[in-house]
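The values are calculated or read from the model by the stated rules, or taken from the named source; none is laboratory data. Computed from a prediction, not measured in an experiment: that's the story for all the values here. We place every Cβ from the backbone using ideal geometry, glycine too, and count neighbours over all the protein chains shown. Note: areas computed on protein heavy atoms with side chains; ligands, DNA, RNA excluded. Shrake-Rupley method; radii C 1.70, N 1.55, O 1.52, S 1.80 Å.
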Amino acid sequence: MWGSGILKGLAITLKHLFEWDITEQYPEERPNLYPRFRGRLILNPEKCIVCGMCVKTCPNNVLSFTQARLKEGKKKVLTSYTIDHQYCMFCNLCVEACPTGGLYFSHDFEWAAFNREDIKFVYEPDLSHLELASDDAEAGEKGIRASKEDKNEKLINATIIAIRKNPAKALGKILNDESEALKLAEMIGEDENKLRKMAELIVIDKEKAAKVARAFLVKGQKKEEG
Amino acid sequence: MYQELKERLLKNWDGKIEINEGKDFFEIITQSEILFTLMEFLKKEFGFNYLANLCGVDYGEKFTMVYHVCRIPENLKVCVKADIPRDNPEIDSLTCLWPAADFQEREVYDLMGIVFKGHPDLKRILLPEDFEGHPLRKDYKAV
Amino acid sequence: MRGAETFFIDLARLIVTWLEKQGMSPLVADIVLLVIQFICIAAIVTVNIIILIWLERKISGFIQQRLGPNRLGPWGIFQTIADAIKLLTKEDIIPSQTDKIIFRTAPIVFIVISLMLYVVIPFGDGMAIVDLNMGVLYFISVGSLGTIALLMAGWGSNNKWSLLGAMRAVAQMISYEIPLAFSLLGVIMIAGSLKMSDIIAAQNNVWFVFLQPVAFITYFIAATAELNRGPFDMPEAEQELTAGAYTEYSGMRWALFFLAEYTNLFAVSAMAAVMFFGGWQGPWLPSWLWLPIKAYIIMLVFFWLKWTLPRIRMDHLMSFSWKVLIPVTLVNLVVTGCVLQFFK
Amino acid sequence: MIESDFITINVGPQHPSTHGGLHAETVLDGEHIVDVKVHLGYVHRSVEKIAESRTYTQFIPYNSRLDYLATHLPAMGYCQAVEKLLGVTVPERAEYIRVIMAELSRIASHMLFIGSLAIDIGATTGLIYCFRDRERIMDMFEMTSGQRLIASYMRIGGIAEDLPEEFYPAVKSFLDDLPYMLDEYNNLLTGNEILQARLKNTGILPADKAIAYGVSGPNLRASGIAYDIRKAEPYSIYERFDFDVPIGSKGDNWDRFLMRIREIEESAKIIRQALQDLPEGEIRAKVPRIIKPEKGAEVYHRIESSKGELGFYIVSDGSEKPYRLHVRAPSFINLGVLPLISRGGKLQDLIANIATLDPVLGEADR
């Protein structure tokens, strides 16, 4: 009251006027970084087993890579790895996801650049001494998406075999009635094309597969009647 | 309290509403036509004075408006849901009951495209005025 | 010691005698001397401002536990010079919707008015450029002209923020003119003269700050408001009016306002030193050093206040002037008059 | 005859004291405010839409970007909402660490509030002192999570990493120094007559209006309503701690300012208790790598963030991504009351009103 508060405030500022300053003079004095500090995201290619977990966990599509298979042993190798730092949120999810500890954050924080491309990290190992499987080299170009398609292909083949072996069980997944499933299997018969299409549908979109199967059955029934 | 509320609600709107007593919220599923009277009833008769949250959910063939209403400081809480047909997304505005609904309804209108009848100033709030489409709808395609 | 004391007076005399030897009439020689003096003042003011700006930034830095400018030169003393060069070379932007003539003249008017204040300030024993016998009156009246410059700036900018700032400036400066003048009246009553040299001479035995403490405080507050410094920086009010009257100004035009503010600051502080702290009087050092020293100490207090206090609200500011300061100064006047009459 | 007219000025989106991209279209009669219209959306990032294309885990770092001043609070709210959806129980130690982090975030946010209020009403130095002290909390965040401002430390089912050794002395010394820090703020700001004159009796928000407008958090409590979700509906382990809910009397700017200072003290109390009881043990519950809540499950989880009631409404469709995620952002709804409390005041009060409502535009616009 009556200016005493103002005087108290003035005393505080006067006290600090003669106090030691706390500014950290940055380029000369280096900041004290704690061990967990997240600077630049670094890949240790030696430890990478090309599992793609980091790409799947990244929320912001920072990471991408391409892969190839060795001719002998079918071991996967990395052909390139890209970390686009401009989208990175430093959330640490990829580091936590990496099963071998191949990704980590360094303490490097001074990486301002003039171009967006300059803060992109691209790792391209020298693979000339390795013999790559020829067909996989192409697939490797498409990277993770290719591997996904690869996976689908396997599943489709498996489904075709399953339908041939036990149509009631395999087709029963999309049709409720076992007798209907058997009928459908009969109608598909030995037609490779139809079989493959059905298997594809089952793998990619089950609901659509069910619809198609039902339509197919109805059509078949009409044919029989007509 | 909740028991009394349940009895009164069923007495007033038997057949038109459905009541679920979840572990978190006392849930009332109602229809968009009677939403306003129901809310008015909740506010006037049971003193639910605090509209905590409202938002819309796009379920494909229909929208659902979800309201979380509380009575404070006692912390009694009710969740009210009302379905809206997709081809005619209209529902009564609650701004005259709770001014808190003003901004939130504008947000739902902006992002979900639900029209609130009786809202004093129903304009886009987060997106620019000339924006086309309602991004939180499931059929919205981002370019 | 004698030589140092009269150095500037001897120099002036030397110049006049030399000019007269060249065959000039005494009148012309005097006019030439005046011109030289005014140029000197402009130079002193400029150098002074460079130091002042650096000092304020340094002080504010220390108060806030920062270092202040420290990159250019030792302790950053060349920072202001670098800033001045930057401001001078900056593109001159005049927004298209402004009232061009008023917009352009406002900063010039402001700086000229603030330079005019220095005419009556006695920098040392017998070192006022013109020792007017109504010096205090001149100071007050010229000082109040600054309002017009701010109003011109605000109006000419054709910007609503600037206009609000200008309106605030006018309201504030007119209200604080009165307590400012009233608080000086007490001093004038004791000294019995409006002449600066007489007032300083009257403080031979005791400084007026001890005889008129209330007047000093009211003068200080009113002067802060007159200078538009924090906590009374209404017309500028960065956080509310986004720099108020100066919003549209940039580069050197803006710098002129800035210069004028610091010029005013020094003038008002020097005035406080003259009126309350015995002017150039002081032991050991020559008289022309004492006044700047006293003025600088007063300015440090201005800095200290600005970097401590929040900005007062406009209506509180006005009511503080009309409801507190003016009654207090009036009572002070009455008491001074009574005491003077009693001891006569 | 002098004609007079109103002036319309745009306070923001580029203005020194609108705390980001807030745009208040203000109609002035001289210095008096006739009307204020709030325009939002200048930092709209469609977080709710982003959530629909991210898995539950991937969405965690986006939360801290909502209220970047209290980084752990929104992340904690979101993780708890998902845990509620899954029915996961978080280990004791993780709960305690979460509470410590949340309360530290609250202190950091409130310190910034005091500082930014100070600078908004012209006391530049107050800001620097508050930032100086907040820096110590930021250091603690860096120790624990590696990030200063927007740490992604919370995980579904617990936390990312255990506390490092150097954290304990740091937090202890911070808590020991906190009373001195508050003393300094009180001497510099709270006791200052100019500040009191500017805050007292301005921007008055009566209790009934506050409730009707959905105002929550310290702003609601300043109006005299003791409603704190930590007490009213204890989430996490808040029922184990002994703390008070400070309430104001009038609901003016002054009350809202005091609320923050007193809440810092209460938060410090909670942290002290949590540190004392901190058990050893697991820091993360067993949660499947791919999180798929059951189809049709939905949850509305709310926590007491530093700004008010922060709610997450999540609807699941059985897939690994949320079907719909709605954030009930307290800043957004608190801003709705700005016209009400500003009308009839002065232009300078508007600045103080914005400052004491404490909006974070990242959260308001989402």
> Only one of D:210, D:232, D:170, D:197 is among the hydrophobic types (A, V, I, L, M, F, W, C) and crowded, with 22+ Cβ neighbours inside 10 Å; which?
Replying inline: D:210
> more than 10 Å from every other protein chain (Cβ to nearest Cβ) and assigned to a helix (DSSP H, G or I): does that describe residue B:39?
Replying inline: yes
> Before we move on, is residue D:264 open to solvent by less than 10 Å² (accessible area, probe 1.4 Å), in contact (Cβ under 8 Å) with a residue 60 or more places away in the chain and in contact with a Leu (Cβ under 9 Å, 6 or more places away or on another chain)?
Replying inline: yes
>> I'm checking my understanding of the structure. Among residues of the stretch D:4-35 that are hydroxyl-bearing (Ser, Thr, Tyr) and surrounded by fewer than 17 Cβ atoms within 10 Å (Cβ to Cβ), which one is nearest to the other protein chains (Cβ to nearest Cβ)?
In response: D:8
>> Please count how many residues of the stretch D:249-259 are in contact with a Ser or Thr (Cβ under 7 Å, 6 or more places away or on another chain) and open to solvent by less than 10 Å² (accessible area, probe 1.4 Å).
In response: 5
> So which residues in the stretch C:100-115 are free of Cβ contacts under 8 Å to residues at least 60 places away in the same chain and surrounded by fewer than 19 Cβ atoms within 10 Å (Cβ to Cβ)?
Replying inline: C:100, C:101, C:102, C:105, C:112
> Quick one: which of C:136, C:130, C:187 is part of a loop (DSSP other than H, G, I, E, B), open to solvent by less than 60 Å² (accessible area, probe 1.4 Å) and either farther than 26 Å from residue C:292 by Cβ or not charged (D, E, K, R) (or both)?
Replying inline: C:130
> Do you know which of the residues in the stretch C:229-248 that are at the interface with chain D (Cβ under 7 Å from one of its Cβ atoms) and of a type in the set (Asp, Glu) is surrounded by the most Cβ atoms within 10 Å (Cβ to Cβ)?
Replying inline: C:240
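When you scan the stretch D:69-87, how many residues do you find that are touching a strand residue (DSSP E or B) at 6+ places or on another chain (Cβ under 8 Å) and either free of Cβ contacts under 8 Å to residues at least 60 places away in the same chain or open to solvent by 10 Å² or more (accessible area, probe 1.4 Å) (or both)?
Selection size over the stretch D:69-87: 3.
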>> If I filter the stretch B:43-58 for residues that are open to solvent by 10 Å² or more (accessible area, probe 1.4 Å), at positive phi and assigned to a loop (DSSP other than H, G, I, E, B), do I get at least one hit?
In response: yes
> When residues of the stretch C:56-79 are filtered for being surrounded by fewer than 18 Cβ atoms within 10 Å (Cβ to Cβ) and in contact (Cβ under 8 Å) with a residue 60 or more places away in the chain, how many remain?
Replying inline: 0
> Restricting the search to the stretch A:58-87, which residues are open to solvent by less than 30 Å² (accessible area, probe 1.4 Å) and outside any strand (DSSP E or B)?
Replying inline: A:58, A:59, A:62, A:85
> Looking at the stretch A:35-56, which of the residues that are touching a Ser or Thr at 6+ places or on another chain (Cβ under 7 Å) and within 13 Å of chain D (Cβ to nearest Cβ) is nearest to residue D:51 (Cα to Cα)?
Replying inline: A:55
>> I need a count of the residues in the stretch B:95-115 that are on the phi < 0 side of the Ramachandran plot, more than 10 Å from chain D (Cβ to nearest Cβ) and in a loop (DSSP other than H, G, I, E, B).
In response: 3
>> Looking at the stretch C:255-272, I want the residues that are within 18 Å of residue C:200 (Cα to Cα) and have a partner that is of a type in the set (Ser, Thr, Tyr) and assigned to a helix (DSSP H, G or I) with Cβ atoms under 7 Å, at least 6 apart or on another chain. Which pairs are those?
In response: C:267/C:114; C:267/C:118; C:272/C:219
>> Which residue is most open to solvent (accessible area, probe 1.4 Å), if the candidates are limited to the stretch D:127-142 and must be in contact with a helix residue (DSSP H, G or I) (Cβ under 8 Å, 6 or more places away or on another chain) and more than 14 Å from chain C (Cβ to nearest Cβ)?
In response: D:139
> Checking residue D:43 against (1) under 23 Å from the mean Cα position of the chain (by Cα); (2) within 13 Å of chain A (Cβ to nearest Cβ), which single condition isn't satisfied?
Replying inline: (2)
> Of (1) modelled with pLDDT of 85 or more; (2) closer than 30 Å to residue A:23 by Cα; (3) of a type in the set (Lys, Arg), residue C:71 satisfies all except one. Which?
Replying inline: (1)
> From the list C:300, C:291, which one is of a type outside the set (Ser, Thr, Tyr) and either without any contact (Cβ under 8 Å) to a residue 24 or more places away in the chain or open to solvent by 20 Å² or more (accessible area, probe 1.4 Å) (or both)?
Replying inline: C:300
> Could you count how many residues in the stretch D:244-303 are within 30 Å of residue D:356 (Cβ to Cβ) and in a helix (DSSP H, G or I)?
Replying inline: 22
>> Restricting to the stretch B:78-94, and then to whatever is open to solvent by 20 Å² or more (accessible area, probe 1.4 Å) and in contact (Cβ under 8 Å) with a residue 40 or more places away in the chain, can you tell me which residue is farthest from the other protein chains (Cβ to nearest Cβ)?
In response: B:90
>> Residues that are at the interface with chain B (Cβ under 9 Å from one of its Cβ atoms) and under 18 Å from residue D:338 (Cα atoms), at least 1 per element: which helices (runs of 4 or more DSSP H) completely within the stretch D:195-239 meet that?
In response: D:207-212, D:218-222
>> Looking for something closer than 20 Å to residue D:39 by Cα, at the interface with another protein chain (Cβ under 10 Å from one of its Cβ atoms), open to solvent by less than 10 Å² (accessible area, probe 1.4 Å) and not charged (D, E, K, R) - is there at least one such residue anywhere in the stretch D:310-327?
In response: yes
>> Name the single residue that is surrounded by the fewest Cβ atoms within 10 Å (Cβ to Cβ) among those in the stretch C:80-98 being free of Cβ contacts under 8 Å to residues at least 60 places away in the same chain and farther than 28 Å from residue C:55 by Cβ.
In response: C:96
> Can you spot a residue in the stretch A:11-24 that is among the basic types (Lys, Arg) and within 14 Å of chain D (Cβ to nearest Cβ)?
Replying inline: yes
> So which residues in the stretch C:299-324 are of a type in the set (Lys, Arg) and either within 10 Å of chain D (Cβ to nearest Cβ) or within 23 Å of the chain's Cα centre (by Cα) (or both), if there are any at all?
Replying inline: C:306, C:311, C:313
>> So, in the stretch B:116-128, how many residues would count as being open to solvent by 50 Å² or more (accessible area, probe 1.4 Å) and either more than 10 Å from every other protein chain (Cβ to nearest Cβ) or outside any loop (DSSP other than H, G, I, E, B) (or both)?
In response: 3
